[in-house]
Every structure is written in structure tokens, then in C-alpha cells.
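Colleague: This is the structure, below, for whatever I ask next.
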Amino acid sequence: MAEEFPFDISPMYEGERVRKGDMYVELGGPNRDGFELVQVVDPDEVEDGKFTLIGPDILDMKEGEAYPYGMIYKVAGEKLEKDLEAVLERRHHEFQPYMQGYMHLNQRYDIWVRISKDMVKKGLKSFEQIAKATMMLYKNELPFIEKMEAIYITDEEKVKEELAKAMEIYKARDERARAIHDEDVDVFYGCTLCQAFAPTSVCVVTPDRPSLCGAMTWFDCRAAAKVDPEGPNFPIEKGECLDELKGEYSGVNEKAVELSGGEYDRIMLYTFMEYPHTSCGCFEVIGFYMPEVQGIGWVDRNYPAATPNGLPFSSMAGQAGGGKQTLGFLGIGIQYFYSPKFLQGEGGWTTTCWMPKALKERVLDAIPEDMRDKIATEEDATDIEQLREFLKRVNHPVVSKWAAEEEAEEEAVAEEAAPEAAAMPQMQMLQPGMMPQMQLPAFAPPSGGAAGGIKLILKNANIRVEKIVLKKKE
Amino acid sequence: MTTIVVSGKGGTGKTNVAALIVRIISERKVTLAIDADPDTNLAGALGASIRKTVGDIREGFLDEKDKLPPETDKQAHFEYRLMGIIEEGDRFDILAMGRPEGPGCYCYVNNVLRAIIERLEGNYEVVVIDTEAGLEHLSRRTVRDIDILLVVTDTSRRGLETADRIRKLANELNIRVKQIYVVANKVRDEKDREKLKNMAEEMGLELIGFIPFDEELAELDLDGKPLTQLKDSSPAFKAVKEIVERLNIM
């Protein structure tokens, strides 16, 4: 295999860098146009093994200089579909570095290549040798490629021309990728990168539900799982869809049991109050439920002040994190706002009542037009009173729930209280038919590993109080 | 590939020592200098200038990640970014780690950076890392196991105490260090040497060499000129050369 080429070919040269002082020429990179493209075409459009060069060849180039570089490959095969183009193209960055003395970084229109002086000294004369070695690697590794042809371009004008065409192709691919949804795939991915801080936390990353930390998409996890199967990312078979609206899948539930050490056996992907997804503490945004308005508020890490519930991001982070399913709080990544499945188990955007202005502006195009003016920011409301006023004024969808509540049955669910309770709830004298104004007790700061503070959930409650007497303890 | 970390109490001249080490070693070995001190003084001492740091890439990622095309290979993307911030010189290359982390989640970014920097280092014969006494980058594992840890002290007991603390910290952080040595810098006379030798022995620290106070170096420092202009015949240069020889890496 290696005998036909004047350079060694082996995976051990991956990661090889050619220093400026050692380079013969630089191709593409930060100062010149460069791109690589794989096209799946009909067999009669490919001449197997053919190489075409448009522009100067290696020995025509001046040592130490930088040149534009375009590499186009045409492939054909019975089992090849157009959809596989991107997959094949990604392998280019894997194969080319196998050549000793040839540095190849990144992909698509951001490639950076350097050929070392050594490579030329050892006998590299033409790009044809590079192309042929590359095609050989492709065919050896991927036998369903029946015919392959290469066209390399080093002429500045021609590179510009072909690059523009390639950009359209990349764009179309991105559109198709964005159109992939949870129902289109069989496999989700798990990420346990944060388990060092939260041993029971497992992020389930799906096309419609990116990671909480915002760093990993479903595509990233898929790539990482392939590259490092023993690492923090691994596939999760979707299994059966148990609930389409709330996003419950049998495969996910099984994995949840396994990975959370038995702590959880159900995770719903598009909900807030039912078996919500856990988080470590790295989320970009926290959602918090405000029972007084029966709606959800969102706050991001950058917002320093208290939200209408009286708590800032930092206080709530303890409640929402630590790898627990704490009802009433949900950590998410900003990209989730854009998901078509955003909170669909809970009514999507119709339950969102409040967000900081900067955050709202940032994700404005994710908010349905008819909801945009109905979501309050700190300019409209900074406490529950003001928020209720605002929501009533704009006739937010949650307002209809307030009316229904008066006719509903009472149901109170109280959970274990921690020894220290903070501020007393403020109560008003009630007139018949009036809504109780209740300020929930402030949560005690989380201590140790357990979630501290009181969790008091009153659903559909109708409380009538004649008189409350607050007396100082003697 | 040999990794040498140069650390020490602030003000002991460790960056200058690191710069001289880079200058000497790079004459014979392909060398990468990493400035892991958030104050980034090493480049200036070497006559290089830094445009962007690894910290900039890290922050930049948090800003751009939502705009990257859906199927971007983020590791490859980072490798390109990293390549773009390495300052390539004739004899050595230099990379600056830059500022520490802000708020936000860096788990993923640091994970990727760790892998890439390790791969990058594999291209060099010697990597010299200038880091502050807090060893922050080492604790974040953005720098891996160390062959030689050189702690620089000046003529002060506290400098040696810092050396002792650094050694303990390295242990606590479970960083594998093959050898730890102390280098005494800005030494005035024989009395200094005697005292330092005794104190080092008392603390169980191995003193590998003394660098005398050097007028010429002090002048360059005062004028902010790079140490590449320091003559081979200067006492400080000669002392560092001897120390490098004693380290047996060339």
C-alpha cells in the first residue's frame, strides 16, 4: 500500500502539525480560501481513479507561500445515497492526516492544510499523489464506494467560484439537519460528563432537546459516542413511545434506572412538572413554577437580580441541580426554546409568563408572535403582584386557569419540611370570591447535598380564612 | 516529549527563568512554550507577542456555539481555532492560556481543550510551561503529567516556603511529577547560597542551581526588553545553561 507513495500513510500521524518553519506550502487556512466537498453522483458521471488539477501543482508553488485550495470528490456506488455525502465528507478530515508530513485541520470551508518540506524532499511532486492516496484510503475503508474521482483546484478564481457553489450545498445540508426531529431517529444519546458533580444526573440529548449546558447537540453526542464509546456519551435506544406529547420513551426510562443508580425510573422529555429531566447544575436557564399565577418563569445565569418569586438564579440553581427531579424547577439549555417540542407536555409557550428582557430579546424569534407581548420582563413586573396585574392586562392564557380554579376541588400536597423555615407567608383578609394572595415562604439556602427548604404545593386550592392572628412568641 | 513546568512565588523572576530555559532548549530541541499564568508575561520576555489566548477561544465558544452549523465537528473546530492562536517563531512556538473561567459551564469546553492541547504537545520534543504558584491550569488538567517541576525562589525564606507548598499542592492534585527542583534566583553572594542551601535541606527540597543577580538582565527588565537580547556571556544566562545541562534533557 505505502510503496506507491513517497510518504508513509498511517493513523499514527493523526494530530500532526507542520510548523511554519517546516512547511513547504500552506493551503487554505486563515488567509486563503479553502474547502472540501464530497458529492454522490450517478455512476456515469464518475471516471474511477481520475484526477484533475485546475491551477498550479506542487512543484510550481513557491516555498513558504500560502495558496487557495479546493478538493472535490465525486463518488458513486449502488448503496450510496445523497444523504451519505456529509458522512463521507467528514471522513476526509480523518483520512488526509494519515499522510506523514501533511497537516489537515477542520472541515468544509474552514480547512487548513500544510505540506511539509520533508514530504517534498522525499518525493512528493504533485497533488495527484495526495488525491490518489486519499481515494485509496476511502475505498479501503468504505468498500461500498464503487467509483471515485478527484478534482483539486489551486487557481484562486476557480476556487472562489466553486466555493460559492459548495456553500449552497452546505447550507442545504444544514437545513435538512435542522429538520431532523425526535420522531425521525431511533437513537437518542446520553451524556454523563457532569456526573463528577451530580452522580445521578444523566442528560438525555435528542434532536429536539439539546443538552442543558448548551454545549452538546444530538449530532455532537452521536459523533462523540462513535469516537469514544467508553467516554461520557453513549447511545440510548428510544424504544417505544409511551407518550408522544410528554415525551416518554421506554428506552429512556430503562436507561434512567440504570444510570441514576435506581433513583429514577421515568423521565419525560417535554414536561415541567411530571418526571422532569434532571440536571447537574450547568444549565444555562432555570424554569420556575409560580403557583400564584399558575405559570412558568425563566431566568438565565447572567441575570443578577431576584425574579418575581423572590429568588435569583443562584438560589434556585441549588434546587434545580444536583441530579434530582425537583418539581417546580427545570434546568434547560437556551437552544431548547427553539425546539418544536418546547415544553409541549405543559402547553408550550402558553405557560410562560416571565423572562428577563435580555433573554427574551435573545430568543425572540423562538416565541410565537401572539405570545410575545404577553410575556412579562423585569420592566413589566418584579414581583408576583405586578405580574398578576400584567398577565390580567394582556389576557395571558394562564388567566383562564385562575377562573377555573375557583370552581375546582381542593387538593393540597405538602412534602417534607426542612428544620429551618424562612419568612412567614403574608396573608390578606379574604372577601368571598377573592383569590388568596400568597407569598410562598422563601426557600432556605440548600445545605450539603440535599435540597433544603420547604416545598408546599397547593393544587386547585380554595382557601377561606376568616382571621389570622400573628402573635410574637413570649 | 518532555514537560517542564516552571513555577514559584510571584516576583521571584520565574518568567525570566522560564524564558531563558526556552531560549536555551529550543536551540537543540523543537520547543513549545506555554504561558499558563493569567498575567501572560512570558511572550514579552521571549520577544513574541500574543494576539489571542486559549481563554479567548473558550469564551468565544460560549458565544458562538448556538450559531455553529448543526453537524459541526466541534473538536475539529477547536483544533482549527487553537492552531490560529499559536505564535510560531523560528526556534519555538508559544501559546498563552489566558484568563481563567467566567460563570457558566466549561465542562465540555475544557474536556475538548484538554484533548486537543495534549495532541498539540505531541508535536514537540519539549514543552515548557510557565505557571503561577496556584497551579490553576494544572489542577484543571488542561496541562498533563509533568517530567520536571522547577520552582523558582529568590533570596527569601518565604520563596522556599512557597516551593514547599507547591510541592504539597501537586501531591494533593494527584499530578504525577517525576522530579521537583528548586532554583534560587537573584542570588547576591556566597552567604545567600549557604543560607538557601541550609533552608532547602531543612525543608527537604532539592536545590539544583543558583542564578546570580545580573545587572544586564535587570537593565533589560527595566526597559521591558526581551531576554533574547541577553548576551550568552551574562552570568544569569550561563547559570541557567548549567541548570538545563544538569536536568539532562538535551
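Colleague: Against the longest principal axis of chain B, how steep is helix B:157-172, in degrees 0 to 90 to the nearest 10, with axes from Cα atoms?
Modeller: Its long axis makes an angle of about 40 degrees.
Colleague: Still on this structure, I have one more. Once the convex hull of the C-alpha atoms of the stretch A:2-178 is built, how many Å³ does it hold per residue, rounded to a whole number?
Modeller: Convex hull of Cα atoms, per residue: 113 Å³.
Colleague: At a Förster radius of 56 Å, what calculated FRET efficiency corresponds to the Cβ-Cβ distance of A:Val41 and A:Ala366, to the nearest 0.05?
Modeller: Here the calculated transfer efficiency is 0.90.
Colleague: Hey, got the dipole for the stretch B:2-247? About the Cα centre, +1 on K and R Cβ, -1 on D and E Cβ, debye to the nearest 20?
Modeller: So the dipole magnitude of the stretch B:2-247 works out to roughly 480 debye.
Colleague: How much of the DSSP beta bridge set in the protein assembly as shown is antiparallel, as a percent to the nearest 5?
Modeller: Taking every DSSP beta bridge with both residues in the protein assembly as shown, the antiparallel ones total about 45 percent.
Colleague: Along Cα→Cβ, 7 Å out, is where each label goes; now give me the distance between the ones at A:Met273 and A:His181 in nm to one decimal.
Modeller: 2.5 nm
Colleague: How large is the Rg to Rh ratio of the protein assembly as shown when both quantities use alpha carbon positions and Rh follows Kirkwood?
Modeller: When Rh is taken as the Kirkwood radius, the ratio is 1.05.
Colleague: Given the stretch B:2-247, report the % of alpha carbon pairs whose separation exceeds 21 Å.
Modeller: Counting every Cα pair in the stretch B:2-247, those more than 21 Å apart make up 57 percent.
Colleague: Can I ask one more? Could you work out how far apart the two model spin labels at B:Glu88 and B:Asn110 are, taking each label as a point 7 Å from the Cα in the direction of the beta carbon, and quote it in nm?
Modeller: Rounded to a tenth, the inter-label distance reads 3.1 nm.
Colleague: How much length, in nm to one decimal, is gained on full extension between B:Asp56 and B:Lys241, taken as 0.36 nm per residue of separation minus their Cα-Cα distance?
Modeller: Length gained, B:Asp56 through B:Lys241: 63.2 nm.
Colleague: Here's something else I'd like to know. Subtract the Cα-Cα distance of B:Asp232 and B:Asn41 from 0.36 nm times their separation in residues, and report this length gain in nm to one decimal.
Modeller: Extra length from B:Asp232 to B:Asn41 when fully extended: 66.6 nm.
Colleague: Within straight cross-link reach of A:Lys117, meaning Cα distance under 23 Å, which lysines are found once same-chain residues fewer than 8 apart are removed?
Modeller: Cross-link targets: A:Lys20, A:Lys62, A:Lys125, A:Lys132, B:Lys29.
Colleague: If you don't mind, there's one more thing I want to ask. How about chain A: what cysteines have no other cysteine beta carbon under 4.7 Å from their own?
Modeller: Among the cysteines of chain A, those whose Cβ sits 4.7 Å or more from every other are A:Cys221, A:Cys241, A:Cys353.
Colleague: Go ahead and estimate [θ] at 222 nm for the protein assembly as shown from helices alone: -39,500 (n - 2.57) per DSSP H run with n ≥ 4, summed, over the residue count, rounded to 500.
Modeller: So the calculated ellipticity at 222 nm is -9000 deg cm²/dmol.
Colleague: While we're looking at this one, here's another question. For the stretch A:272-284, take each phi angle, set θ = phi - 60°, evaluate the Karplus expression 6.51 cos²θ - 1.76 cosθ + 1.60, and give the result in whole Hz per residue in order, putting x for glycine and proline.
Modeller: 10, 9, 10, 6, x, 4, 8, 8, 7, x, 8, 4, 7
Colleague: Another question, then. Could you tell me which trypsin sites (Lys or Arg not before Pro) in the stretch A:45-84 are loop residues by DSSP with no more than 11 other beta carbons within 10 angstrom of their beta carbon?
Modeller: When the trypsin sites (Lys or Arg not before Pro) of the stretch A:45-84 are filtered for loop state and at most 11 Cβ neighbours within 10 Å, A:Lys62, A:Lys79 remain.
Colleague: In whole angstrom, how long is each semi-axis of the equivalent ellipsoid of the stretch A:23-128, when you take the square root of 5 times every eigenvalue of its Cα gyration tensor and sort them from largest down?
Modeller: 26, 15, 12
Colleague: Assuming R0 = 51 Å, what is the FRET efficiency of B:Ile249 and A:Glu161, from their Cβ-Cβ distance, to the nearest 0.05?
Modeller: It comes out at approximately 0.50.
Colleague: Here's something else I'd like to know. Where Rh is the Kirkwood radius over the Cα pairs of the stretch A:90-132, the temperature 25 °C and the viscosity 0.890 mPa s, what D in µm²/s does Stokes-Einstein return?
Modeller: 224 µm²/s
Colleague: Let me ask something else about it. Can you work out the FRET efficiency for the pair A:Ala358 and B:Glu194, with r the C-beta to C-beta distance and R0 = 56 Å, to the nearest 0.05?
Modeller: Calculated value: 0.35.
Colleague: Relative to the first principal axis of the alpha-carbon coordinates of chain A, what is the inclination of helix A:218-227, with its axis defined by its Cα atoms, in degrees from 0 to 90 and to the nearest 10?
Modeller: 50 degrees
Colleague: What is the magnitude of the charge dipole of the stretch A:2-178 about its Cα centre, with +1 placed on the Cβ of each Lys and Arg, -1 on the Cβ of each Asp and Glu, and no other charges, expressed in debye to the nearest 20?
Modeller: 560 debye
Colleague: Take the Cα radius of gyration of the stretch B:26-153 and divide it by 2.2 N^0.38 Å, with N its residue count; two decimals is plenty.
Modeller: Relative to the rule-of-thumb radius for its length, the stretch B:26-153 sits at 1.06.
Colleague: How far apart, in nm, are the 7 Å Cα→Cβ label points at A:Lys246 and A:Met12?
Modeller: Once both label points are built, they end up 5.6 nm from each other.
Colleague: If we sort A:158-171, B:42-55 on the protection proxy, mean other Cβ atoms within 10 Å, highest first, what's the order?
Modeller: B:42-55, A:158-171
Values quoted throughout were computed directly from the atomic coordinates according to the rules given, and no laboratory measurement underlies them. Just so we're clear, the structure is a prediction, and the values are computed from it rather than from any experiment. Counting neighbours? That spans all protein chains shown, and the Cβs are built from the backbone with ideal geometry, glycine included.
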